[in-house]
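Right, one structure below, let's go through it.
The values are calculated or read from the model by the stated rules, or taken from the named source; none is laboratory data. From a predicted model like this one, the values you see are computed outputs, not experimental measurements. Don't worry about glycine lacking a Cβ; one is built from the backbone with ideal geometry, like all the others, and counts go over all protein chains shown.
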Amino acid sequence: MKRNFKAALAFVVLALVVPILSQCSSADSHAAATPEANATASAPEPATLKVGDKAPDFTLPDQNGKPYSLGQFRGKENVVLAFYVLAFTGG
């Protein structure tokens, strides 16, 4: 009985640990292969902002590649940013 319990426990532990480890290793290899991973190495230090401070200017592309800058919306009443994954492909 104890032998069956130990075998079942070992199976459950492996069933939980193996997918976690494989996910971590695939995420590391994906991050190393993308050019974005290299670009973040030279990113500037993050600014410390307080409530009421203006957000620093930045530029990001839309889904068609057209760049938008936060500066072009200065003076507008509200600016809402929504970040989402373009396709639900897990990446």
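Given the condition in a helix (DSSP H, G or I), surrounded by 10 or more Cβ atoms within 10 Å (Cβ to Cβ), at pLDDT 70 or above and of a type in the set (S, T, N, Q), answer yes or no: does some residue in the stretch 12-22 qualify?
Yes, that holds for at least one residue.
Is it true that some residue in the stretch 26-42 is modelled with pLDDT under 85, more than 17 Å from the chain's Cα centre (by Cα) and not basic (Lys, Arg)?
We begin by selecting, within the stretch 26-42, every residue modelled with pLDDT under 85; these are 26-42.
Subset that is more than 17 Å from the chain's Cα centre (by Cα): 42.
Subset that is not basic (Lys, Arg): 42.
Yes, some residue in the stretch 26-42 is modelled with pLDDT under 85, more than 17 Å from the chain's Cα centre (by Cα) and not basic (Lys, Arg).
Check 6, 50 and return the single one that is at pLDDT 80 or above and among the basic types (Lys, Arg). It would help to see each step written out before you state the result.
Numbers: 6 fails: at pLDDT 80 or above.
That would be 50, the only listed residue that is at pLDDT 80 or above and among the basic types (Lys, Arg).
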